[in-house]
Amino acid sequence: MKTIYKNAKLVMPYRIIDGWLATENGVITALGAGAPTEKGDAEIDLKGNYLAPGFIEMHTHGGAGFDFADGTEEAFSACAKHYAKNGVTTLYPTLTTISPESSAEALSSFHKAKKANKNGSRMPGLHLEGPYFAYAMKGAQDPRFLRDPDPTEYLQILDSCPDIKRWSAAPELPGGMQFGRELRKRGIVAAMGHTDGLFEQLMEAYENGYTHMTHFYSAMSTVRRINAFRHSGAVEIGYMLDDVTIEIIGDGIHLPPELLRQIFKFKSHDKISLITDAMRGAGLPEGTTTMLGSFKDGMEVIIEDGVAKLMDRTAFAGSVATQPRLLKTVTAFAGIELTDGVKMMTLNPAKVMGIDHECGSLAIGKRADLVSFDPEIEVQITVIGGEKVAG
């Protein structure tokens, strides 16, 4: 069936066009300015709202009361539907550092949920966040399970689980460079994360396959003194190496507006992706008490002021942001143009994950993964492969 979306503001990578777009057999077949020049089997009047590529979320731990660390098909399926309602058409569930047994269970459950997924965000693969992290930069990672990269372990995981598309690790750990080379050889995105590495170590990491940085500024090294001499760290690598891509938690809390503006000033907009890094509290109301991590061995937290906090309010305990909130934050508080904000949630992550040939922008021949939102950036409809799944 051929569908025409008309009276739309098409969000292109570098401009907005008042026009229309056609889809057929799950792909974009035509688009243009003004009124449609083609007829469709169905016509959808977007009434002047925006039509953008579907959002791509490449780092999140859950939402709607579920966490991928629960290790159940239900968690993956429920989150896929939650994210689809928020405009996400492509989702990379992220597993945090958990026990090997729990991790294996989650990997198996994901494979089953991926096959059964019908009405949620497409899930082409997984992101593993840990367990190869620096203890000094553990953040909310469970310290009981942190360890150095072990080829015996990770080769078995990689050989048995083709669903892994990205893995975050601290490259400076013993064996970290070899690990990066192995990921690069397999076409898996190697990301520097929870790293306490020095500039020289992370320069070497880039040369050994680490091309991306996990939640920039969060749980990573920066300038410090060692024996009276200053040394740069991970943050400086992110700014200095133009080809390194970064992701930022765009909730306006993990990184305040002034720091967001600094990042956008000194790092190319084409190299920045927006993520939620959300936990199970995403989409739940203020004042809700929930769990960080799995119910089996996580910790109780509370949602307040738009973020999850420890019960004693001494620290954040994870993001509860949704994709529309990210876009609102960077446009309203960081001065980013809407086109750039959308690109940071679509084309840029598509490039990082190597899927920009099939999605990430409104282009003829690309998959019909679409999101329409109003001027207040509230999602109206979500379309995946030409089929409306929300709205």
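The values are calculated or read from the model by the stated rules, or taken from the named source; none is laboratory data. All figures in this text were calculated on a predicted structure; none of them were measured in a lab. In this analysis, Cβ positions are derived from the backbone assuming ideal geometry, glycine residues included, and neighbour counts consider all displayed protein chains. Heads up: the accessible areas ignore ligands, DNA and RNA and are worked out on the full protein's heavy atoms, side chains in. Shrake-Rupley method; radii C 1.70, N 1.55, O 1.52, S 1.80 Å.
Taking all protein chains into account, the per residue accessible area for the range 181-298 stands at 43 Å² (1.4 Å probe).
Loop only by DSSP, 12 or fewer other Cβ within 10 Å of the Cβ. Give me the trypsin sites (Lys or Arg not before Pro) in the range 29-95 that pass, ordered by residue number. Of the trypsin sites (Lys or Arg not before Pro), the ones in loops of the range 29-95 whose Cβ has at most 12 other Cβ atoms within 10 Å are 39, 47. Share of carbon and sulfur in the accessible area of the chain stands at 52%, probe radius 1.4 Å. At a probe radius of 1.4 angstrom, the accessible area of the range 48-166 per residue rounds to 36 square angstrom. Under 18 Å of direct C-alpha separation, and excluding same-chain neighbours fewer than eight residues apart, residue 296 reaches these aspartates and glutamates: 67, 70, 73, 74, 101, 105, 142. These residues, 268, 361, go from largest to smallest accessible area, 1.4 Å probe, as 268, 361. Here the dipole of the range 295-357 is about 120 debye; that uses its Cα centre as origin and unit charges on the Cβ of Lys and Arg (positive) and Asp and Glu (negative). Calculated mean residue ellipticity, 222 nm, the chain: -7500 deg cm²/dmol, from DSSP H runs (n ≥ 4) at -39500 (n - 2.57) each, averaged per residue and rounded to 500. When 279, 177 are compared by accessible surface with a 1.4 Å probe, the order from highest to lowest is 177, 279. State in Å² the accessible area per residue of the range 350-391; use a 1.4 Å probe, count heavy atoms of protein chains only, and round to the nearest integer. Ligands and nucleic acids excluded, the figure is 40 Å² per residue.
With the whole protein complex present, residue 261 retains an accessible surface near 110 Å², based on a 1.4 Å probe. Positive end of the dipole of the range 1-160 (Cβ unit charges, origin at the Cα centre): among 132, 151, 50, the Cα lying farthest that way belongs to 50.
Solvent exposure of residue 243, expressed as accessible area, is near 100 Å², computed with a probe of 1.4 Å over the protein chains only. Taking a ≥ b ≥ c as the square roots of the eigenvalues of the Cα gyration tensor of the chain, is the shape rounded (a/c under 1.5), prolate (a/b larger than b/c) or oblate? Judged from the Cα gyration tensor, the chain comes out prolate (a/c at least 1.5, a/b above b/c). Length gained on full extension, residue 147 to residue 269, computed as 0.36 nm times the residue gap minus the Cα-Cα distance: 40.5 nm. Modelled label positions at residue 207 and residue 358, each set 7 Å beyond Cα in the direction of Cβ, lie 3.5 nm from each other.
The alpha carbon gyration tensor of the range 268-325 gives principal lengths a ≥ b ≥ c with a/c of 1.5 or higher and a/b greater than b/c, which makes the shape prolate. Please name whichever of 289, 253, 226 sits farthest to the positive end of the charge dipole of the range 225-350, dipole taken about the Cα centre and charges placed at Cβ: Lys and Arg +1, Asp and Glu -1. Sorting the options by dipole projection puts first 226. Length gained on full extension, residue 229 to residue 37: 62.5 nm, using 0.36 nm per residue less the C-alpha separation. With all protein chains in place and ligands, DNA and RNA left out, the 1.4 Å accessible area ranks 322, 276 as 322, 276, largest first. Projecting the Cα atoms of 308, 205, 29 onto the charge dipole of the chain, computed from C-beta unit charges around the Cα centre, puts 29 farthest toward the positive end. Taking all protein chains as they are arranged and a probe of 1.4 Å, the heavy atoms of residue 299 leave approximately 90 Å² accessible to solvent. Simple spin-label estimate for residue 305 and residue 18 gives 4.3 nm between the two label positions (7 Å along the Cα-to-Cβ direction from each Cα).
Among rounded, prolate and oblate, which fits the range 234-391 when a ≥ b ≥ c are the square roots of the eigenvalues of its C-alpha gyration tensor, a/c under 1.5 means rounded, and a/b larger than b/c means prolate? Note, shape of the range 234-391 comes out oblate. Here the spin labels are modelled as points 7 Å beyond Cα on the Cα-Cβ line, and at residue 243 and residue 178 they lie 2.5 nm apart.
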